[in-house]
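Contents: one structure, followed by commentary.
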Ligand code: HBI
Ligand code: FE
């Protein structure tokens with residue numbers, strides 16, 4: 001066998017979904033929704049869910065925030081099968097007025113924001129393959145449902161994510177979406193919260209990842225820094241690896257305050273100001289734990 005062949009076989013090529021799959025994969029409906037087709041999931045796909053669900057459920061006690069645990073407890077999400085979005089929506093709708101709708105994968109920004117602004121959470125319909133359990137390039141049903149949906153049971157997060165949808169449409173028009181996207185990234189996806197027994201996870205990108213749910217809390221490498229809105233808006237993030245810094249909020253109600261801030265004057269103020277790299281620690285930061293940086297140096 002040729003060396004090149006061996007390399008190709010060693011790295012299973014992930015099937016692309018949604019936006020990443022190109023024009024041919026664009027769904028018929030303008031809002032990019034598709035049917036979940038719950039009945040069509042195969043036993044092998046339910047088995048992948050079960051593997052992922054069980055390993056995260058073992059890791060999350062003492063790591064996930066109270067609101068995540070509480071939300072999960074009250075939802076029809078279990079080990080045995082990929083959840084049915086209709087049943088999730090019934091419960092969510094009663095609690096916080098949200099629904100879960102199926103999409104093929106990543107959708108265009110405006111489409112994503114339009115859903116959020118209307119309290120519809122677009123969830124990937126597909127599930128990753130058994131050979132890609134730790135692969136997280138595109139949001140699949142495990143990331144979206146296990147990571148995001150329990151938090152949508154919380155009124156503060158529910159309002160905050162809707163506000164992000166409204167703000168996203170506006171930020172796109174103003175040409176400042178990159179700034180707003182950082183806020184989403186460092187809260188909804190990779191946020192930590194201070195609770196009475198220590199730091200806890202509320203970000204879906206962490207909660208749905210076996211390795212990052214340990215790294216974010218237990219590893220000496222990353223920085224853990226008190227959340228500051230303007231600071232975060234100026235901070236680049238990594239999409240390809242663990243975060244170098246996590247930003248910590250005092251409690252989830254801080255997100256409600258964030259949801260009501262007019263970002264307009266902030267965009268103007270930070271325009272042209274220096275931006276920060278993911279691992280930077282600034283003299284003005286309230287540092288909770290200063291990371292060794294070892295992981296990203298290696
Ligand atoms: N689509 N399905 C899906 N999920 C996302 O998280 C998502 C998206 N499209 C755009 C997007 N996120 C981000 O680029 C914006 O939040 C900026
Ligand atoms: Fe996500």
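Each reported figure results from applying straightforward, stated rules to the coordinates on display, with no laboratory input. If you're wondering where the values come from, they're calculated on a predicted model, not measured in any experiment. Here the Cβ positions follow ideal geometry from the backbone for every residue, glycine too, while neighbour counts run over all protein chains shown.
Express in nm, to one decimal, how much length is gained between residue 262 and residue 290 on full extension, taking 0.36 nm for each residue of separation and deducting their alpha carbon distance.
Full extension from residue 262 to residue 290 adds 7.0 nm.
Distance between the C-alpha centers of segment 177-225 and segment 227-252? Whole Å please.
Segment 177-225 and segment 227-252 have Cα centres separated by 8 Å.
In whole angstrom, how far apart do the alpha carbon centroids of segment 82-136 and segment 268-298 sit?
Between the Cα centres of segment 82-136 and segment 268-298 lies a distance of 31 Å.
Run through the DSSP bridge list for the chain and note the antiparallel percent, rounded to the nearest 5.
35
For segment 49-180, count all C-alpha to C-alpha pairs, find those more than 18 Å apart, and express that count as a whole percent of the total.
Numbers: 4805 of 8646 pairs.
Of all Cα-Cα distances in segment 49-180, 56 percent exceed 18 Å.
Over the chain, what portion of Cα pair distances is larger than 29 Å, expressed as a whole percent? Intermediate results must be reported in sequence, preceding the final value.
Details: 15325 of 44253 pairs.
Pairs farther apart than 29 Å: 35 percent.
When the gyration tensor of segment 158-298 is built from Cα positions, what are the square roots of 5 times its three eigenvalues, in whole Å, from largest to smallest?
24, 17, 14
Going by average Cβ neighbours within 10 Å, how do the peptides 280-292, 215-227 rank, with the highest at the top?
215-227, 280-292
Taking the highest mean first, how do the peptides 243-253, 79-89, 129-139 order by number of other beta carbon atoms within 10 angstrom per residue?
Packing order, densest peptide first, comes out as 243-253, 79-89, 129-139.
Compactness ratio of segment 217-298: Cα Rg over 2.2 N^0.38 Å, N = residue count?
Here the answer is 1.17, to two decimals.
Using a simple spin-label model with points 7 Å from Cα along the Cα→Cβ vector, what separation in nm is obtained for residue 21 and residue 135?
Simple spin-label model gives 1.4 nm for this pair.
Just 173, 114, 189 to compare: in a GNM of the chain, with alpha carbon springs under 10 Å, which one fluctuates most?
173
Let's test the formula: R0 of 30 Å, r as the Cβ-Cβ distance of residue 298 and residue 79. What FRET efficiency results, to the nearest 0.05?
Step by step, r from the Cβ atoms, then E = 0.30.
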